[in-house]
């Protein structure tokens, strides 16, 4: 949950100044720091950007009375204008999710070797809270 | 293992971001385009976007107040002319930047930089037409005068102040969709925009087609079918108007010259619907005792709209009207004292000269018995995603050789060329005219303003609170011998050159004519007693005659009387031709559907109203008739391109010359008669409609549905950004000149008097942003034939319940 909120908040703020793809380094970096499992990382990254983009698009859509949504949806041959919001959110979500997932794997990969070797033994399974805790502690000392 | 996952997910992330940030053919970069912070969503404006604001703009000298009304029209109040035009540039760019830039890119032959290979030929053609060359000439003249220099520079600086304040998220939608960025504006672009108008309005000519016809049929026949005045035409200047000048001698027509026929003719031909109406009635005809003026210029309809409404208030001016985005001032509008409007003159100011080159290198051409060198200009067209295209254009002293080949070479190795002489290439400063018209207080100011105007020539209609009305078909007109430039001219003979100009005070004009009104609908400016040759062909009689008939009958006219006339749907050609065509028609040769259609035709009142079936039947019947009469003699696919005689000439043939040789189809053995053609073409028209619309004459046969008026996006490609199937009557050559995609691009009616009152509308909106409510909010009002009352303010603080926002622009 904290990862979700962190990605959401930081992406929201940074996107006002930086190009759209800043969501990828944000999700990657925060996941590197905060992720606990591949599943958790992907879901947090995906849902944070999905939610952020959907909410932004929805607010804009409503304030614009749907004028532009309808035109762009027609341009992309979508049957309903509101699908445009979904497509938008899916694209953002996908980038956020994949980037966060990658962040998690890099976190595993960069771990001090004992933990890393233990990870290699059960690759693909979620890391334990204990492992995560040690990483955090070490990190916090730096 | 984890290393591989880490590596591949990262690679995948980077690839995904890269792909979503890249264009795929015509598909915009999806991630970039859809992100709601900077993509298309950022262009979805809330309807009430124009709340009160303070802006600091580098370049202003004082404070400017901009008040926006409920149609998003800016009312600009500035203490100096510099700040006034700076603010006009800024605000116009805010609403129309993409359109302004694209139109000037088009004129400069630079669209391929944005679109790619598909437009390279259009760019090449516009370069060969020398639009940039002409714009450069005009720019010199504009910059040589301190007033126009200040205006053009301030206007350009204002546009750049807007561009400089943009981040990519703020770019107009089309930049994001097409994937490019705005470039800085320059005064040259203002000149290019005016040349683009010149291209639309003054480049039409038939020299090459008529030359080919001359070859085929000889002079007498050509003269008979393409005479130098139109059947039934009422010229703009009434025949009884006094002439207040002593004509200057006209150059003598040189010995006969028969130019070679030409076979290649890939050239831009303006939409035949491009024309306009304007008129003014004197106080003697109006309910208030003061004049009322109306104007509706007909152009290809596009979104964003061609026009941009603005009120400009400065130290010596308070004017309201339609401006052209990319050019300062108001082009058609009014102030407290006067109103004016424009329609196109369309006289012949573009002629072709046959060039004899010395050899295949085409570096020298014959002139006055000597070889002269050409000036070569290499045009480099940048093509998006492809290598640059270089094209060499040869300039003679006449002008550019637009065509390097064509026709039978007079020497097998040396194909002839055709050089173009065009007024739009001459140095000119139209900015001066509009600057003065915007400030004009009376007839004298208006005529003074017109002396500066060159091209594209316009019929300037005028009305003032002093109870004067007037019209001047005005521009710079070459002083020609009769029919000079009707056919291709001899580029080697000095006698074939333009040898002077019609003195500007001799341009056709009339002030306060006895009939109590002035009007124009692109017809002949003056009758055959006018001492100068202007062209052999103008618009045919229908709109002009209809307007004059109705104005002549008007008494105690109001704003609404003139508005109704702008929406007049009477089809004069049908009224004049159908009764006769029906006498030729043989009902016993018609089937059931054709008979039913004949019944509808007989009961039609000749109004092109939206629900009528008559106009649909007549439109197709007339088109078929034109083809049946002329296609065999003037085939569309001839090796040497020709053209049909005009509509009015066709009408004359149907009414007065039923036995003319043209009635017979030379490709058949039978001898066709007019009765045969009328019946056959009517049957074919009904069959076509029945095939497309069904045999029961239903709503698909109705005029508005059949005509299906639409207003496409400026690119003509992005369909959702246009408006389609508008329920509207009228049509080509009807006063309400709304055809499929051409029509009244701005309608204005102004009542002069102690307090001027203006009404107007255009088929679009003030904003150029497809994501704005104000992109097309006036389309429905326009289609209903209604006008908006125009908000004309005298103070920025003035209370008016139609004001949405008040902005302050500060230095």
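The values are calculated or read from the model by the stated rules, or taken from the named source; none is laboratory data. Everything numeric in this text was worked out from a predicted model, so none of it was measured. We place every Cβ from the backbone using ideal geometry, glycine too, and count neighbours over all the protein chains shown.
Structural remarks
- Test for residue B:60: is it touching a helix residue (DSSP H, G or I) at 6+ places or on another chain (Cβ under 9 Å), assigned to a strand (DSSP E or B), more than 7 Å from chain A (Cβ to nearest Cβ) and under 23 Å from residue B:312 (Cβ atoms): no
- Residue B:578 meets the conditions (1) in contact (Cβ under 8 Å) with a residue 12 or more places away in the chain; (2) closer than 21 Å to residue B:738 by Cα; (3) in a helix (DSSP H, G or I) in every case but one. The failed one is (2).
- Subset of the stretch B:551-560 [in contact (Cβ under 8 Å) with a residue 40 or more places away in the chain and under 22 Å from residue B:608 (Cα atoms)]: B:551, B:554
- First in the stretch B:711-728 and free of Cβ contacts under 8 Å to residues at least 60 places away in the same chain, second anywhere and surrounded by fewer than 19 Cβ atoms within 10 Å (Cβ to Cβ) and part of a loop (DSSP other than H, G, I, E, B), Cβ under 7 Å, 6 or more apart: B:725/B:708
- Count of the stretch B:751-767 residues, restricted to those that are outside any loop (DSSP other than H, G, I, E, B) and closer than 20 Å to residue B:307 by Cβ, is 5.
- Residue satisfying all of: in the stretch A:75-90; surrounded by fewer than 23 Cβ atoms within 10 Å (Cβ to Cβ) and at the interface with chain B (Cβ under 8 Å from one of its Cβ atoms); nearest to residue B:723 (Cα to Cα) among these: A:75
- Among the residues of the stretch B:25-38, the ones that are in a loop (DSSP other than H, G, I, E, B) and more than 7 Å from chain A (Cβ to nearest Cβ) come to 4 in all.
- Taking (1) away from chain A (no Cβ under 14 Å); (2) more than 23 Å from residue B:344 (Cα to Cα); (3) surrounded by 23 or more Cβ atoms within 10 Å (Cβ to Cβ) in turn, residue B:708 satisfies each apart from (3).
- Helices (runs of 4 or more DSSP H) fully within the stretch A:78-142 counting 2 or more residues that are farther than 27 Å from residue B:17 by Cβ and at pLDDT below 95: A:113-121, A:129-141
- Of B:16, B:20, B:11, all but one fail to be more than 7 Å from chain A (Cβ to nearest Cβ), over 37 Å from the mean Cα position of the chain (by Cα) and without any contact (Cβ under 8 Å) to a residue 60 or more places away in the chain; the exception is B:11.
- Residue check, residue B:53 more than 14 Å from every other protein chain (Cβ to nearest Cβ), farther than 30 Å from residue A:106 by Cα, surrounded by fewer than 23 Cβ atoms within 10 Å (Cβ to Cβ) and modelled with pLDDT under 95: yes
- Subset of the stretch B:233-259 that is closer than 21 Å to residue B:545 by Cα and surrounded by 16 or more Cβ atoms within 10 Å (Cβ to Cβ) - its residue that is nearest to the chain's Cα centre (by Cα): B:236
- The stretch B:172-194 - residue that is free of Cβ contacts under 8 Å to residues at least 60 places away in the same chain and over 25 Å from the mean Cα position of the chain (by Cα) and, of those, farthest from residue B:42 (Cα to Cα): B:184
- Condition met for residue B:744 (surrounded by 23 or more Cβ atoms within 10 Å (Cβ to Cβ) and away from chain A (no Cβ under 14 Å)): yes
- Scan of the stretch A:57-74 for residues that are in contact (Cβ under 8 Å) with a residue 12 or more places away in the chain and either facing chain B (nearest Cβ under 7 Å) or touching a helix residue (DSSP H, G or I) at 6+ places or on another chain (Cβ under 8 Å) (or both), ordered by number: A:57, A:58, A:61, A:69, A:72
- Any hit, the stretch B:96-111, residues being over 22 Å from residue B:192 (Cα atoms) and surrounded by fewer than 24 Cβ atoms within 10 Å (Cβ to Cβ): no
- Only one of A:24, A:44 that is more than 10 Å from every other protein chain (Cβ to nearest Cβ), assigned to a helix (DSSP H, G or I) and either modelled with pLDDT of 95 or more or surrounded by 24 or more Cβ atoms within 10 Å (Cβ to Cβ) (or both): A:44
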